[in-house]
Amino acid sequence: MTYERIADIQNRIENLPYRQVPDGLDFQLIRAKLRAEIDAPHDAVAFFEDSLVTRKFLSETASRYGLVASLIRTREFARAQQEIVPLRKTPSAIIANLDCHLAEVAGNSNNALKCYQEARRAYPGYRALFYGHAEQLLRARQPAAALQLIDARLLAYPDDARLYRLQAQAYAAQGNNLLQHRAQGEAYARTGQLGAAVEQFQIALKAGGGDFYQMSAIEARLRDLRSLMAQRDRKR
């Protein structure tokens, strides 16, 4: 019975010895990132500046990371680029992503693209770097290159709604309305917004311009989505 399993687990937990797990660097970096994003920008800068001057921190790397992230919010890009230099010595996907983001927001499009390419080679599994790279390609008006990345990624992560949203943006940049709305429909479907997904597929059909196989695939997907909506409504 469920209650018996719960009681058994509780008994086992109570008999386990307490063990303190030291915080890893990634934890410290994410905590600094959250503080930099949640506090008022100038307050965050002051906090991390003080922690570095007084040496009151659990991780100097994390405090400096938080300072760079805060300086980006106050748009002090030149100083942020100075402060991030020592961080580059630390191998970390989180730091690499901040470095690339800094190049991006500072307006160094070519440097940002190069940074994302190199960082993704070093940390191929880190999703934030992939998203940043695809978004930077779109900002640089390279939708074909962005689509090449996104389509390859979708083979490994077919249920990633954000990938479909990026795909929709890339198709929109190319003026392909049919595939834009099809991709946006898939993004809605992956987040459970079936009504919005159906609407997007209907718009895709009306847009026209696709070949026989594309239109057939859209019609088939539309039938599947309507069936899923009917099943959901029956359960309510």
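The values are calculated or read from the model by the stated rules, or taken from the named source; none is laboratory data. Nothing here was measured: the structure is a model prediction, and the numbers come from that model. Every residue, glycine among them, receives a Cβ derived from its backbone with ideal geometry; neighbour counts consider all protein chains shown. Please note that ligands, DNA and RNA were not included when accessible areas were found on the heavy atoms of the full protein model with its side chains. Shrake-Rupley method; radii C 1.70, N 1.55, O 1.52, S 1.80 Å.
Side notes on the structure shown:
- Per-atom-type breakdown for the chain gives carbon and sulfur 51% of the accessible area (1.4 Å probe, protein chains only).
- Cα-only Debye scattering, the chain: base-10 log of I(q)/I(0) at q = 0.07, 0.10, 0.14, 0.15 Å⁻¹: -0.37, -0.69, -0.97, -1.01
- Here the peptides 64-71, 96-103, 112-119, 176-183 are ranked by packing, the mean other Cβ count within 10 Å, and the order with the highest first is 64-71, 96-103, 176-183, 112-119.
- Rounded accessible area per residue of the chain, 1.4 Å, Å²: 60 Å²
- Rounded to the nearest Hz, the phi-derived 3J(HN,Hα) couplings of the range 179-184 under the Karplus curve 6.51 cos²θ - 1.76 cosθ + 1.60 (θ = phi - 60°) are 6, 4, 6, 5, 5, 5, where x marks glycine and proline.
- Average Cα contact separation per residue, the range 81-123, under 8 Å, 6 or more apart, as relative contact order %: 32 percent
- Computed over the range 142-214, the ratio Rg/Rh where both radii use C-alpha atoms and Rh is Kirkwood: 0.96
- Cubic angstrom per residue, convex hull over Cα atoms of the range 26-154: 103 Å³
- Size descriptor, Kirkwood hydrodynamic radius, that averages inverse alpha-carbon separations across the range 86-138, Å: 10.7 Å
- Note on Glu118 and Ala152: the model spin-label points, each 7 Å out from Cα along the C-beta direction, lie 1.9 nm apart.
- Whole-Hz ³J(HN,Hα) from phi, Karplus 6.51 cos²θ - 1.76 cosθ + 1.60, for the range 96-110, glycine and proline x: 4, 5, 5, 4, 5, 4, 4, 4, 5, 6, 6, x, 9, 4, 5
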